[in-house]
Amino acid sequence: MAHRAASSALKGQSRILFEALDIDGILERHLGAAVWRDLTDRQREPLRAVVRQTFLASLAPSEAAPGEIAWSSARPEADGITVFLGIRFGDRSLKTRWAQTRAPGGGWRIEDVGLSDPGISLAGRAVEALGPRPVTPRDRSAQARREALPRLVGLAVIALVVLLLRLRLRLPRERAILYLTAVAPALLFGIDGFLAVRRVLAEPYVVAESFSPAPWERWVRLARETEREGRLADADALWRRAAEAGAPQGPAQYERGLAARERGDGAAAAREFLAALDAAPPAPGAARELALDALASGRNAEARDLLDRYTAATGPDPDALELSAVVETNLGEPQKALSAIREARELVGGGARGAELEARVRARSSDGTGAVAALREIPAELLDREALRSDPAFLPIATDPSWVAFLNEAPSAAAAEPRPMPPRGETSR
């Protein structure tokens, strides 16, 4: 269900997503079962609209960067299933966590969607967007009096007019016309007053006519939209504004760390990532970013611990497994490295994408022979050797003899060669 709902949202087809979301459950947990039960359907609908808009705004692609599901996995839980989906927007990716639970009448409902790396719950964001007091108790007696009073005044005025005119009309026919003329507005006032009072008595709560979300919500929304368009410098300024307005520190510091890394300020990025991990609640993606720094500095044991912390919080994904395979290779654990490679290939669905992923992992581990063997699983007509030559992922094996020979093969000769499977029992360094 999560895969289908996400696919529809990425195509701009929101109906399937909205049908799958447990919107009423999200609102009931926030307002309380007693309050939600006493709201009429008319009162519930504006609240539902806010939840729908929050989820759609976070998952729908921008025109500049259409989205697609790049990988998926699932993990059974005590009360349902957690589905992990990697969504790709151009050259950027969004790791999401979908909580599915059994619906009382059968089938599945999506209880929440989490943006894994910044540590954001969309259900939490939705109820925050409703403001501090979206629903308040109604003083039904006072409100009924306020609703009834103007109608009663209207009826009194009609009665007074009829009385005064009756004294001036002498013919029974004229008086009958007067009474008939007065009946219509009197009935209108009476029925309108009855319905207004009935509605007040039937609705013990008042739903706000407009909602006042937290002041930082606007900056967060603009920052995420700007990020998705690839304008990271502008996004950094917006995240700063969000933090100044009171946004949760973990997500804001994580996003600012990404922007600092993008502009080449490694020291500032590390400070932001450390702060994001120490925030309450933390931004789990900061652990992965710090693991990258540790790996680049040769601190492999530290990188392993950070990756373990990251995957424990967010679940597996191809990029994290790729890093794990490199770290385990560096630590002299080839079997663990191979296990990570296999799991990463399964996540992306195997085939050419899985083979290319394995080749990248082996290249980062300086395993030129293994990288070439993995790429030979891909049909020659789908390989672009010039693109591989300039791909930074293969720089660690740029001078490896087997890699150089592979790049220099003629396409026709490569197509005629048998494609051996990459070695599974060992990795070379």
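The values are calculated or read from the model by the stated rules, or taken from the named source; none is laboratory data. No experiment lies behind these values; they were computed from the predicted model shown. Virtual Cβ from ideal backbone geometry, glycine too; neighbours counted across all protein chains shown.
Within the stretch 4-43, the set of residues being closer than 17 Å to ARG109 by Cβ and surrounded by 20 or more Cβ atoms within 10 Å (Cβ to Cβ) comprises ALA5, ALA6, ALA9, LEU17, ALA20, LEU21, ASP22, ILE23, ILE26, LEU27. Candidates ARG299, ARG360, ARG304: the one that is within 30 Å of ILE120 (Cβ to Cβ), out of contact with any Leu (no Cβ under 9 Å at 6 or more places or on another chain) and modelled with pLDDT of 90 or more is ARG299.
Would you mind stating whether GLY32 is of a type outside the set (Asp, Glu), in contact with a Lys or Arg (Cβ under 7 Å, 6 or more places away or on another chain) and more than 16 Å from VAL113 (Cα to Cα)? Criteria not met by GLY32. Can you find even one residue in the stretch 248-258 that is in a helix (DSSP H, G or I), in contact with a helix residue (DSSP H, G or I) (Cβ under 7 Å, 6 or more places away or on another chain) and either at pLDDT 95 or above or surrounded by fewer than 17 Cβ atoms within 10 Å (Cβ to Cβ) (or both)? Scanning the stretch 248-258, I find no residue that is in a helix (DSSP H, G or I), in contact with a helix residue (DSSP H, G or I) (Cβ under 7 Å, 6 or more places away or on another chain) and either at pLDDT 95 or above or surrounded by fewer than 17 Cβ atoms within 10 Å (Cβ to Cβ) (or both), so the answer is no. Mind checking which residues of the stretch 184-222 are over 30 Å from ASP38 (Cα atoms) and either surrounded by 14 or more Cβ atoms within 10 Å (Cβ to Cβ) or in contact with a Gly (Cβ under 6 Å, 6 or more places away or on another chain) (or both)? Once the filter is applied, which keeps residues that are over 30 Å from ASP38 (Cα atoms) and either surrounded by 14 or more Cβ atoms within 10 Å (Cβ to Cβ) or in contact with a Gly (Cβ under 6 Å, 6 or more places away or on another chain) (or both), the stretch 184-222 yields PRO185, ALA186, TRP216, ARG218, TRP219, VAL220, ARG221, LEU222. Looking at the stretch 159-183 only, could you name the residues that are outside any helix (DSSP H, G or I) and exposed (fewer than 13 other Cβ atoms within 10 Å of the Cβ)? Result: ARG170, LEU171. Only one of the numbered conditions (1) out of contact with any Pro (no Cβ under 8 Å at 6 or more places or on another chain); (2) within 14 Å of SER116 (Cβ to Cβ) is not met by ALA74, and that is (2). Look at the stretch 293-312: where a residue is closer than 20 Å to GLU272 by Cβ and a partner is part of a helix (DSSP H, G or I) and of a type in the set (Asp, Glu), sitting 6+ places away or on another chain with Cβ atoms under 8 Å, you get ALA294/GLU302. For beta carbons closer than 9 Å, sequence separation of 6+ or different chains, a first residue in the stretch 185-206 that is modelled with pLDDT of 75 or more and a second that is part of a strand (DSSP E or B), the qualifying pairs are PRO204/PRO137; TYR205/VAL135; TYR205/THR136; TYR205/PRO137; VAL206/VAL135; VAL206/THR136; VAL206/PRO137.
Here is a yes/no grid of residues against (1) free of Cβ contacts under 8 Å to residues at least 60 places away in the same chain; (2) over 16 Å from ALA363 (Cα atoms); (3) touching a strand residue (DSSP E or B) at 6+ places or on another chain (Cβ under 8 Å):
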{"site": "THR314", "(1), (2), (3)": "no, yes, yes"}
{"site": "PRO318", "(1), (2), (3)": "no, no, yes"}
{"site": "LEU323", "(1), (2), (3)": "yes, no, no"}
{"site": "THR329", "(1), (2), (3)": "no, no, no"}
{"site": "ALA340", "(1), (2), (3)": "yes, no, no"}
{"site": "ARG345", "(1), (2), (3)": "yes, no, no"}
{"site": "GLY351", "(1), (2), (3)": "yes, yes, no"}
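Scanning the stretch 91-123 for residues that are of a type in the set (S, T, N, Q) and either assigned to a helix (DSSP H, G or I) or within 19 Å of ARG353 (Cα to Cα) (or both) yields one hit, SER93. Taken over the stretch 212-228, the residue count meeting the criterion of being farther than 10 Å from ALA129 by Cβ and part of a loop (DSSP other than H, G, I, E, B) is 2.
Which of the residues that make up the stretch 259-268 are touching a residue at least 24 places away in the same chain (Cβ under 8 Å) and surrounded by 15 or more Cβ atoms within 10 Å (Cβ to Cβ)? Those that are touching a residue at least 24 places away in the same chain (Cβ under 8 Å) and surrounded by 15 or more Cβ atoms within 10 Å (Cβ to Cβ): ALA259, ALA260, ARG261. The set of residues in the stretch 259-270 being among the charged types (D, E, K, R) and either more than 19 Å from ASP293 (Cα to Cα) or assigned to a helix (DSSP H, G or I) (or both) consists of ARG261, GLU262.
Of all residues in the stretch 111-125, none are farther than 17 Å from ALA283 by Cβ, modelled with pLDDT of 90 or more and of a type in the set (Ser, Thr, Tyr). Within the set ALA276, ALA280, the sole residue that is within 30 Å of ARG218 (Cβ to Cβ), among the hydrophobic types (A, V, I, L, M, F, W, C), under 20 Å from the mean Cα position of the chain (by Cα) and surrounded by fewer than 21 Cβ atoms within 10 Å (Cβ to Cβ) turns out to be ALA280. Within the stretch 229-247, the only residue that satisfies the criterion of being closer than 20 Å to LYS95 by Cα, over 18 Å from the mean Cα position of the chain (by Cα) and assigned to a loop (DSSP other than H, G, I, E, B) is ARG231.
Do we have ARG109 as touching a residue at least 24 places away in the same chain (Cβ under 8 Å), under 21 Å from LEU258 (Cβ atoms), touching a helix residue (DSSP H, G or I) at 6+ places or on another chain (Cβ under 9 Å) and among the charged types (D, E, K, R) here? Judged against the criteria, ARG109 is not a match.
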